[in-house]
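Notes follow the structure.
We did not get these values from a lab; they are worked out from the coordinates using the rules stated. The shown structure was predicted, so the numbers you read here are calculated from the model rather than taken from an experiment. For neighbour counting, all protein chains shown are included, and Cβ atoms are generated from backbone atoms with ideal geometry for every residue, glycine included.
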Amino acid sequence: MLVLATCLVLTACASKKVETLGGQIQGDVYTGTDSVEYLADGVKDRVFFATNESILTTASRETLRAQAAWLRKNSSINVVLEGHADERGTREYNLALGERRANAAKDYLMTYGISSDRISVLSYGKERPVDSGSNPLAWSKNRRSVTVKAN
């Protein structure tokens, strides 16, 4: 009985949404909008990841589906997927993690009919934080893949 109660408490804590000034974190993934920009009218340009992960969240998949729909309508536009990480970890680890994140987004866009020829991947690792803070909210904003129009 004690084990069951402990599991229920831990599950409730794991799914808790924490609201902070300027943003929200669900688990350890940023879900707010204060650092989100737009690739196109109504189409968010970035998706967020959990710590040390390159697995797309449900919200990330929704954003990428909207990007894919927009890209199908704008077939002359190519994009660059920029992978980013938070400040923790070595430069090499974060460059590789950023690349895995950008490739996860690329693979998902490709499943919705976007040609790999139209998508480039670039990792910045921890070199270009969107939030320079050293706290869980800042870290969650920095764990991202950003879709930008290619030049």
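Would you mind counting up the charge near Arg65? Only other residues with Cβ under 15 Å from its Cβ, with Lys and Arg at +1 and Asp and Glu at -1.
Details: positive: Lys44, Arg46, Arg61, Arg72, Lys73, Lys106; negative: Asp45, Glu62, Asp107.
Its environment carries a net charge of +3.
Treating only the Cα positions of the range 2-149 as identical point scatterers, give the base-10 log of I(q)/I(0) from the Debye formula at each q in 0.13, 0.14, 0.15, 0.17 Å⁻¹.
Taken in order of the listed q values, log10 I(q)/I(0) reads -0.58, -0.66, -0.74, -0.91.
Suppose we look only past 17 Å in the calculated P(r) of the range 63-134. What percent of the Cα-Cα pairs does that tail hold? Write down the numbers at each step before the final one.
Details: 1175 of 2556 pairs.
Of the Cα pairs, 46 percent sit more than 17 Å apart.
For the range 104-145 and the range 46-87, write down the distance between their C-alpha centroids in whole Å.
7
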